[in-house]
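Contents: one structure, followed by commentary.
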Amino acid sequence: MREDSKTKKSLTYVFVSIVMILFIFPFYWTLVSAFKPERNLVLGSITLLPFEFTTSNFIEIFTATDPAKDVTLFLRNSFSVSIMVTVISIAVGILAAYAISDYLFKGRDFLRSSMLLVFLFPPILIASPLMYQLRGVFGWRDSLIGLALINSATVAPIAVWLISSFFENVPEAMRESAALDGASPLKILKDIIIPQSRSGIFAAAAFCFIYSWGDYLFASRFITTNRLSTVPVGLARYLGSQYIEWGGLSAATFITSLVVLIVFFPFVKKFLRGFMAAGTKGS
Amino acid sequence: MGLKKSIEELIKERPYVLFIPVLALVGFMYVYPISTLITETFSHGIEGIGLDNFAETFADGRFWDAVENSIIWTGGNMAVQLSVALGIAVLLNRKFKGRSISQTLILAPWIIPMAAAVVIWQWLLMPTIGFINQSMIELGIIASPIAFFSDPNLAMGTLIGINSWKYIPIGVVFVLAALRTIPEEVYEAASLDGAGSFRQFKDITFPMIGPRLWFVGIILFAWNFSSFDLIWLTTRGGPDVTGTTTLPVYIYRNMFVTFQRERAFVAGFIMMLVVLIFAIFYFRYMLGGEE
């Protein structure tokens, strides 16, 4: 149709490559650095492939005896917290989302919008008084369950936001026929709405997981011992230490990132649909 | 069975009871901190409403540095992220091999923890042995290494760059989702009418995704305005003490490092006012279209 389409096409590839390199190369560099021996790194090796390939960085971080560098422990703690946050958020999220999708009541749209607003609220504004509340008033600190509860308060609202938009996609006819059969509200939720929205619920769960996985502010203030540190806190502390072993730190960072990438990538499209759908209803 | 029945009845009559669990969770974690923030802000001075904390904080030059930096930070990040995200989204919306995988892969920086992004970029930008300095020196672009984080002229730009690297991707996929709602035929018709790429963008793409762009802007504003991890973990608000100190960093430093809590509370109160104004716009946008 157009004579310039061939040059246009190759230009597209050039630009796409530049963009993808900008956003993906830093990951590649982290991975390559993780496979280079430390002595190469301190000399400033910038070869794009490790010419002395080693797995010692990975072995070292997983066999560390120094509790401040015990990546296995950090990963385990992060897993515990993120899984608790996900379970709590999805459970309370499903209930509230069901009210939004299946019932008309006063203030419904306001409540739904408030959920996203709570999620967007600056954490720094509650961090300090919240620590005082939990430590001073409840004598509570250094608890992974506590950290999970704190994070759930931020994450559960976004679960409501996401899940409600998936619930709304369940065909009206299915609800009506079940209601005609005399099914109760909770039975409709359990037998129709949830099974029909399974992939959406998984997408919301994946988002809850990665979001709490990334929390640094709350984790660093609420947890004071190495033994209970999550990965972001561990990485930050490592980064602040006198002598940084970049090979080991790169390995730890790559694994940390890989976990959330694996969890979230399968659900990207679904997550986006849910997130945007609820946000652009009025337009 | 009686209890279950009555719960079912309750849901039918008052469906908002389903909100109780999530509201209890949010209430427990937010109500006390926010009320503390407000009462502590006005805790010193004449009984009832004490404004001494304000006087003290407003006399602190670093507070005004933080306000100025917050404006630069939020404005700079928003400008970079929205414009670049829009450009990349239009690019990735073209037809090319690997389009689908690119649209997913590009999200990687946004998915990882900020602490991980900090490690990745600290390492890339290391003064002597970092990849970027080393390669530029070997290519003869620069003679001596650049101190990206500690040069007062560069620190803010460096951090805005890293933060944008992390948030442009979510902007891209949001805009892509918006672009997908424009039917292909509209462009075909415009092409037949002889409208070039730029005209098509200006007259079709931009107006049609406008409302959704607002949504992207709202989300990005909130994230940029409240961002803390990146700045704290790289420069601690420096160089020159306040070089990259935004309001969240100012609050954190006064609250947990120098223990000048009054200042932290006042700065927090000011942030809260911004959030309130933001909330008014937010609800206008969210609830406005449904009347």
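Counting neighbouring beta carbons within 10 Å and listing from fewest to most, the residues A:114, B:83, A:45 come out as B:83, A:45, A:114. Look at the dipole of the stretch B:134-279 built from charges on Cβ: of B:238, B:190, B:211, the Cα furthest out on the positive end belongs to B:238.
Ranking B:81, B:158, B:111 by Cα position along the charge dipole of the stretch B:61-290, where only Lys, Arg, Asp and Glu carry charges on their C-beta atoms, puts B:111 farthest toward the positive end.
Does anyone have the angle between helix A:268-279 and the longest principal axis of chain A? Alpha-carbon axes, 0 to 90°, nearest 10? Between helix and principal axis, roughly 50 degrees.
Projecting the Cα atoms of A:165, B:286, A:240 onto the charge dipole of the protein assembly as shown (Cβ charges, centred on the Cα centre) puts A:165 farthest toward the positive pole. Electrostatic tally near residue B:94: other residues with Cβ closer than 9 Å to its Cβ, Lys and Arg +1, Asp and Glu -1, net +4. Packing here is the average count of other Cβ atoms within 10 Å per residue, and on that basis the peptides A:53-66, A:235-248, highest first, run A:235-248, A:53-66. Among B:30, B:187, sorting on how many other beta-carbon atoms sit within 10 Å of each Cβ, with the fewest leading, yields B:187, B:30.
Here, P(r) means the percent of Cα pairs in each 10 Å bin from 0 to the largest distance; for the stretch B:2-97 it is 12, 16, 18, 20, 19, 13, 1. Dipole magnitude for the stretch B:4-142: computed about the Cα centre from +1 point charges on Lys and Arg Cβ and -1 point charges on Asp and Glu Cβ, it is near 1280 debye. Counting Lys and Arg as +1 and Asp and Glu as -1 over every other residue whose Cβ lies under 14 Å from the Cβ of residue B:267, the net charge comes to -2. For the stretch B:61-290, just say rounded, prolate or oblate: build the C-alpha gyration tensor, square-root its eigenvalues into a ≥ b ≥ c, call rounded for a/c under 1.5, and beyond that prolate if a/b exceeds b/c, oblate if not. The shape class here is oblate. The local environment of residue A:215, defined by Cβ-Cβ distances under 12 Å, has a net charge of 0 under the rule Lys, Arg +1 and Asp, Glu -1. Please order A:225, B:242 by the number of other Cβ within 10 Å, starting at the fewest. Least to most surrounded, the residues fall as A:225, B:242.
Bear in mind that the values in this text are calculations on the coordinates, not laboratory data. Here the structure is a predicted model, which is why all the values come from computation and not from measurement. Positions of Cβ are backbone-derived with ideal geometry, glycine not excepted, and every protein chain shown enters the neighbour counts.
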